[in-house]
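Only the coordinates and a few stated rules stand behind these numbers; no lab work does. Remember, it's a predicted structure, so these values are computed and weren't measured experimentally. Ideal geometry is used to build each Cβ from the backbone, glycine not excepted, and the neighbour counts take in all protein chains shown.
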Amino acid sequence: MATTAPPRLHPIVRDRLFFFVMALVVAATAISGFVLQLSAGRSTFHSPWWVHVHGVTFMGWLGLYCAQNWPVWRGAVVDHQRLGRFAAAYVGWMVLVGVSVNTLAAIHHRIPPFFEVNVFLVMDWTIVLVFAGLTWAAVRLRGSSDWHRRLMLCGAIQVMVPGTARLLPLPLMGSWILWGIWATLLPFMAAALIYDLATRGKVHPAYYWGFGAIVLGVSLIRPIAFSPPLLALTHHLTG
């Protein structure tokens with residue numbers, strides 16, 4: 001008996017589905033890190049108000065990113081564009097919150113003891129600034145959907161670091177802690193690259209810029225953290 005091959009998705013529909021699924025996976029993975037810490041009793045809700053503002057702000061972005069991909073997958077591009085205007089402004093709020101809250105964490109001696117204070121500060125600032133740069137670049141290139149959606153994904157992968165880091169035994173990682181955290185992003189990067197190779201036959205240049213910016217950021221954290229200005233700033237904040 002002859003069998004009929006299942007219909008293939010149109011390339012546009014297939015791409016929209018891929019990026020929507022990636023948004024869901026990124027959000028679920030980041031949230032799982034916080035859930036793990038809460039269930040293990042290593043985190044509580046008894047924190048200063050500014051810590052909660054930070055958490056709600058960045059969790060809000062994960063929801064917003066998923067919400068942006070949902071109308072695109074359904075073909076409601078106009079709804080995506082309307083939400084995108086709010087998202088672009090929201091990133092500015094994230095930068096303000098990310099930089100100020102981590103500075104407050106140093107001032108109030110709330111940085112985990114297995115992190116060097118200067119390294120933690122530069123790491124968190126780098127995460128939020130690289131994320132913002134990639135996301136705003138994606139907004140700037142919104143007229144080229146292939147660049148836009150890939151740079152948005154790179155930014156989302158970058159900003160999931162606080163969640164994925166909580167899945168690791170950080171106190172045991174010593175000087176490898178930064179690269180260990182970065183390694184948690186590799187499966188998501190690999191999925192993006194493999195999808196491109198399978199569907200396009202080559203990797204889109206947006207990923208070279210996006211993932212390159214993430215790797216460069218990680219590489220610069222310790223040199224910047226141990227520069228005289230940052231050491232002086234750390235001493236001033238914690239003194």
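Report, to the nearest 10°, how far helix 186-200 tilts away from the longest principal axis of the Cα atoms in the chain, using its own Cα long axis and a range of 0 to 90°. Helix 186-200 sits roughly 20 degrees off the main axis of the chain. How big is the gap, in Å, between the Cα center of the range 159-227 and the Cα center of the range 71-111? Using only Cα atoms, the two centres lie 20 Å from each other.
Evaluated at q = 0.15 Å⁻¹, the base-10 log of the normalised Debye intensity for the range 67-173, with identical point scatterers placed on the Cα atoms, takes the values -0.71. The long axis of helix 117-140 is offset from the longest Cα principal axis of the chain by roughly 30 degrees. Here the label points at Leu186 and Phe114, each 7 Å from Cα along the C-beta direction, are separated by 1.9 nm in the simple model. The long axis of helix 77-107 is offset from the longest Cα principal axis of the chain by roughly 20 degrees.
Between Leu168 and Val77, the simple spin-label model (points 7 angstrom out along Cα→Cβ) gives 3.9 nm.
Which length gain, in nm to one decimal place, applies between Val35 and Leu193 when the Cα-Cα distance is subtracted from 0.36 nm times their residue separation?
On the way: separation 158, 0.36 × 158 = 56.88 nm, distance 2.86 nm.
Computed gain between Val35 and Leu193 is 54.0 nm.
Percent of Cα pairs in the chain per distance bin of 5 Å, from zero to the largest separation: 1, 6, 13, 17, 19, 16, 11, 8, 5, 2, 1, 1, 0, 0, 0, 0, 0.
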